[in-house]
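The values are calculated or read from the model by the stated rules, or taken from the named source; none is laboratory data. Owing to the predicted nature of the structure, the values given are computational and were not obtained by experimental measurement. Virtual Cβ from ideal backbone geometry, glycine too; neighbours counted across all protein chains shown. Side chains are part of the model used for accessible areas, which takes the heavy atoms of the whole protein and leaves out ligands, DNA and RNA. Shrake-Rupley method; radii C 1.70, N 1.55, O 1.52, S 1.80 Å.
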Amino acid sequence: MFPKPSPHHLERLILTSLDGHKAEDIVSIALTGKSAFADRMVVASGTSQRHVASLASHVVEMLKKAGYHDVPVEGEEACDWVLVDAGNIIVHIFRPEARLYYNLEKMWSVTLPQLEAAY
């Protein structure tokens, strides 16, 4: 069994998986000093409920291949907003309408200049 990747490498794996499966508007937000539950949050959009479900499934598969076996996932029933808990990184995958409604970027006081694009 391989050791789990470093937090930076894990973030790259998540971003690459999302990008490779055509997620839209991918951002990674630093939570260090703002949250005790995670160091980073990755937010992305899928084009439909089916696409959101597929993106979440691909992220979970990648995490399992990277050594994370019990990966908590929430929201798979409706697939408007799916949360994947990768330990130090929380992944939120939304349909565009749900992302606008919940606006996590604003909730975490992230303004556009502070958003860190995936690439």
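Taking only the C-alpha atoms of the range 32-71, the Rg (one decimal) and the largest Cα-Cα distance, Dmax (whole number), read 12.7, 35 Å. Partners of Lys34 within straight-line reach, counting aspartates and glutamates whose Cα lies under 20 Å from its Cα and excluding those fewer than 8 residues away in the same chain: Glu11, Asp85, Glu105, Glu116.
From the mean inverse distance of alpha carbon pairs (Kirkwood) and the Cα radius of gyration, derive Rg over Rh for the range 51-104. Could you put the intermediate results ahead of the total?
Details: Rg = 11.1 Å, Rh = 11.3 Å.
My calculation puts Rg/Rh at 0.98.
Of the chymotrypsin sites (Phe, Trp or Tyr not before Pro) in the range 1-82, the ones in a loop by DSSP (not H, G, I, E or B) with at most 12 other beta carbons within 10 Å are Phe37.
Rolling a 1.4 Å probe over the protein heavy atoms of the range 20-90, with every protein chain left in place, gives an accessible area that is 49 percent carbon and sulfur.
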